[in-house]
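S.K.: Pasting in a structure now, in structure tokens, and then I'll have a few things to ask.
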Amino acid sequence: MTLPEKQTVLITGASRGLGLALARYLAQHHWQLLIDARGEAALKQVEAELARYTKVIAIPGDVTSETHRRALAHAAEALGGLDAVVNNASILGPSPQPHLLDYPVEILEQVYQVNVLAPLGILQAVQSVLKPEARILNITSDAGIEDYPGWGGYGSSKAALEQLSAILAAEKPEWRVYWVDPGDMRTQMHQDAFPDEDISDRPLPEESVPGLIELLSGELPSGRYRAQEVGAVSLTAFQAD
């Protein structure tokens, strides 16, 4: 697995969890980073940390905001365009997760705004600065394909993102479009989903990063992938060489 240097990537939701783990890895391999998150203080801390390795532009804001998305597009243009976009930002919804017949529709609308419409809005905003053969990673979940009771809100939003990704891949065959299930991870969102459980046995987000790197650097065709499985295969092939 060889990761090319001097590439430029937009990662949303990069102040913690999987987004932060991926941003750290790419920064240390000298990718230019355009990152966002809702929390300005946390994002600025990440910017200061990663600027030791590479050029970083951090723009705090809400991905559901058209103004914020335009700001990201302008920054991407200033960086010389984008080789990749990682739509990682998402929200869980209520905690604990309610069953569908008890789910407040106005909150479900917010979940869809962040988890489905914002990723598309990001891509629409930056499409003019995407380089040829760009790579798009839309972070989804097994909840998007499994019928887990209590996960109808979040899960259906991820199912919608998966279908959106599949159609985008068909419409833009020159890109590599991936919809990626990162697997269980020890993150704040996962803890929020199971507020009364000990999730310390879940793997850290860093264990899902090798699979994302393989999608960013390898030759896999557009499609749905499980990051931890892709990463394990890539590591085995690397060790064999």
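A short reminder: the numbers here are calculations on the coordinates, not readings from a lab. Just so it is clear, the model here is predicted, and its values are computed rather than measured. Positions of Cβ are generated from backbone atoms using ideal geometry, with glycine treated the same way; all protein chains shown enter the neighbour counts.
S.K.: If each residue of separation counts as 0.36 nm, what is the full-extension length gain between residue 204 and residue 44 once their alpha-carbon separation is subtracted?
M.R.: So the extension gain works out to 55.4 nm.
S.K.: Report the semi-axes of the equivalent ellipsoid for segment 8-240 in whole Å, largest first, where each axis is √(5λ) for an eigenvalue λ of the Cα gyration tensor.
M.R.: In descending order, the three semi-axes are 25, 21, 19 Å.
S.K.: Report the label-to-label distance for residue 29 and residue 77 in nanometres (one decimal), using points 7 Å from each Cα along the Cα→Cβ vector.
M.R.: Placing both labels 7 Å along Cα→Cβ, they lie 3.0 nm apart.
S.K.: Using the structure shown, list the pairs from 55/131; 44/158; 131/172 with a Cα-Cα distance above 22 Å, or answer none.
M.R.: Beyond 22 Å: 44/158.
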